[in-house]
Structures are given as structure tokens and as C-alpha cells.
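Please read the structure below before turning to the comments.
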Amino acid sequence: MLKQFFIICSGSDTDILDNCSKGEQNKYAGIGATVFFTAVMAFIAGSYALYTVFDNLYTAIFFGLIWGLLIFNLDRYIVSTIKKTGNIIDELIQASPRILLAVIIAVVISKPLELKIFEKEINQILLEQKNELTLANKNQIAEQFAPTIEGLNNQITSLQQEIDTKEAEVNALYDTYIAEAEGTAGTKLLGKGPVYKEKREKHDALLAELQQLKQENKAKILEAETQIATLKGDYKTQVVNTQPIINNFDGLMARVNALGKLPWLPSFFIFLLFLAIETSPILAKLLSPKSSYDFKLEDQETAVKTNVLQNKHHREVMLKADYAINDRIYTDIEKEDELYNYKRKKARELMQLQADAFYKHQKNVL
């Protein structure tokens with residue numbers, strides 16, 4: 001039962017193989033088994049590749065099954081269409097496009113399996129890339145807010161400097177009128193004279209200005225600090241909202257690119273393995289000598305071809321003879337007086353009817 005299934009997988013004619021030797025049947029069963037297990041590997045590889053795309057197990061298995069059946073059908077077609085002619089050059093020319101197709105299929109099958117085999121290494125590369133993307137994303141978002149925050153900080157610094165400058169002036173005037181009262185500077189007269197009062201009034205006026213300036217600037221500083229806090233909150237919100245995009249940076253294309261960063265030799269040998277598996281049925285048919293199955297298949301095909309050619313030639317001869325007979329018949333009829341007189345009579349009747357119809361039409365017009 002299993003042998004018969006593999007023979008069907010090989011795409012060979014089961015009716016012909018039933019009349020061949022056991023060895024011939026085993027050869028085609030082996031070719032069919034290779035085709036079948038290649039399709040199984042294609043199903044596994046396709047399912048894994050699609051799982052990285054859809055993140056859904058059932059969807060990946062469904063489309064992976066369709067992909068496996070497609071590869072099975074292609075491999076079966078490739079193997080079944082190679083005909084043994086006995087001429088190695090003709091067979092190589094015949095098999096060259098099929099070998100090229102087998103190479104493409106081997107690449108498509110091997111790549112998803114490479115992604116699974118080197119999954120840990122790929123995850124490490126993707127982690128490094130995600131970290132780099134996270135830092136780059138934060139820097140890019142920060143560049144959007146940095147000029148505004150820097151301007152607000154400069155504004156706060158300027159407002160604070162105004163307060164400090166005014167405070168220094170007030171302190172200087174305070175020291176001046178105290179020194180005047182103590183007699184250590186100015187007029188150097190001990191006591192609170194007119195000069196002291198003048199300097200004290202200047203100090204008190206400037207102190208009132210300082211209090212007003214502090215009140216106004218602190219309100220402005222508080223407003224600027226509120227804007228800075230809002231901008232920083234917006235920055236954190238954007239970072240949080242964009243981070244899931246970076247976290248999901250592990251799709252099929254990202255993994256393929258990460259695989260390309262790994263050493264090429266292991267991947268190349270995996271590709272060679274699948275290339276050998278994929279091309280083995282074709283090479284087996286090319287390298288094997290022309291066997292009884294090939295002779296019987298050729299005999300069956302040439303018999304059908306000969307029968308078709310015979311039928312075609314027979315129909316051509318019949319058509320040629322029919323043309324000749326028809327020519328002779330109409331030539332003989334052409335010389336009969338009875339047919340001539342009959343057609344002459346009918347032609348006269350037709351012309352009379354035409355004349356009557358023309359007369360009636362003209363009469364109606366008048």
C-alpha cells in the first residue's frame with residue numbers, strides 16, 4: 001500500500017509499472033518517496049514562515065498545507081516530464097529548466113528552516129537592533145521637544161537672573177545706607193541724617209520694585225515650568241506609544257535580514273542539503289540507464305503518435321478524393337440542357353415579378 005502510494009507520488013504510469021520488474025517498481029517508489037518528503041519539509045517550512053507573518057497557528061498551518069501541496073505538485077510534474085531518450089545531451093537540455101526550477105524550490109524551502117534552526121542567534125541580533133531602534137527613536141522624539149524645552153529653560157534662567165540682579169542692587173543700597181548711619185562711609189557722620197534718609201528711600205523704592213519683580217517673574221517661571229512638565233509628559237507618551245512598533249520588529253523580512261548577518265557557511269550547507277534532496281529525483285532519472293519502463297512508455301507513446309498520424313493522413317486523402325468527385329459531378333451537370341431550360345424559366349419568372357413590383361411602386365408615387 002505504501003509502495004503504491006509512493007509510486008503515485010513519482011508521477012509514473014502505474015499500469016505500465018505493474019508489468020515491470022520489482023526493481024523498477026522500487027526505483028520509482030524511491031523517487032516518489034523523495035517527492036513526498038520534500039513536500040512535507042515544504043509544509044513545515046512554509047508553516048513556520050507564515051507563522052512569523054500572521055502570528056496565528058491555524059492560519060499558518062492552513063496556508064502551509066497549501067504551500068506543501070503546491071511544491072508536491074511541482075516536484076511530481078518535474079519528475080514525470082523527464083523522458084529517457086538514450087542521448088545524454090538531449091536529456092540534459094530537457095532537464096535544465098526543471099533543474100533550475102528545483103534550485104528555486106530548494107531556496108524557498110531551505111530559507112524558513114534556516115530561520116528556525118538559527119532562531120536563537122537571530123533573536124540576539126534582533127534584540128540588538130531593537131535596542132538601537134529604541135535609542136534612535138527616543139533621540140528622534142527628543143529632537144522634536146528639545147528646542148522648545150531649551151527655550152523655556154533659557155527663559156526661566158533669564159527671569160531668575162533679573163531677580164538676582166535686582167536683589168544685588170537692593171543689597172548694595174542696603175549696605176550703603178547702613179554704612180552712612182554708622183559713619184563708616186559716605187559723609188562719615190554718625191547718625192541718621194538727610195543723606196541717610198535719601199539713601200534709605202532709594203533702597204526702599206528699589207526693594208518694592210524687587211518684590212514686584214519677584215512676584216511677576218515667579219508667575220512666569222511657574223508657567224514655563226508647567227509647559228516643560230507638559231512637554232516632558234508628551235515626550236514620554238510618544239515613546240510609550242511608539243515602543244510597541246519596535247517590539248514587533250521581528251517579522252519575516254527582519255529575520256531574513258538578521259540571518260544575512262550570520263556566517264554564510266552553515267546556511268550554504270543547509271541550502272546544499274535541500275538542493276540535493278530536491279534534485280535527487282531528477283538526477284536519479286538522468287543517471288539511471290533506459291529501463292523497461294522507459295521502453296514500454298516510449299512504445300505506448302509512439303503507438304498513439306503513429307495512430308494519430310495515420311488518421312490524419314487518411315482524412316487528408318478522403319478530403320482530396322471528395323474534392324475530385326465533386327468536381328466531376330458538377331462538370332457533368334453543367335452540360336445538361338434540362339437543367340439549363342429549368343433555370344432559364346425561373347429566371348424569367350423572377351424578372352417579371354421584379355418588373356411588376358417596380359411598376360406598382362412608381363404608380364403609388366405618382
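The values are calculated or read from the model by the stated rules, or taken from the named source; none is laboratory data. This is a predicted model, so every value here is computed, not measured. No Cβ is skipped: glycine too gets one built from the backbone with ideal geometry, and neighbour counts run over all protein chains shown.
For the reader, a short list of remarks on this structure follows.
- Per-region count, segment 91-106, residues within 30 Å of ALA49 (Cβ to Cβ), loosely packed, with under 13 Cβ neighbours inside 10 Å and among the β-branched types (Val, Ile, Thr): 1
- Of the residues making up segment 86-115, just one is in contact (Cβ under 8 Å) with a residue 24 or more places away in the chain and of a type in the set (Ser, Thr, Tyr), namely SER110.
- Boolean, ASP332 is under 30 Å from ASN19 (Cα atoms) and of a type outside the set (S, T, N, Q): no
- Residues (closer than 15 Å to PRO281 by Cα and at pLDDT 80 or above) located in segment 98-123: LEU100, VAL103
- Residue in segment 144-160 that is assigned to a helix (DSSP H, G or I), touching a Ser or Thr at 6+ places or on another chain (Cβ under 8 Å) and surrounded by 13 or more Cβ atoms within 10 Å (Cβ to Cβ) present: no
- Condition met for GLN243 (closer than 22 Å to GLU132 by Cα, assigned to a helix (DSSP H, G or I) and in contact (Cβ under 8 Å) with a residue 24 or more places away in the chain): yes
- Only one of the listed residues (GLU91, GLU143) is closer than 28 Å to ASN257 by Cβ and of a type in the set (Asp, Glu). That residue is GLU143.
- Restricting ILE78, ILE7, ILE31, ILE88 to residues that are out of contact with any Asp or Glu (no Cβ under 8 Å at 6 or more places or on another chain) and surrounded by fewer than 17 Cβ atoms within 10 Å (Cβ to Cβ) narrows the list to ILE88.
- Residue count for segment 108-143, restricted to those that are surrounded by fewer than 17 Cβ atoms within 10 Å (Cβ to Cβ) and closer than 21 Å to THR226 by Cβ: 1
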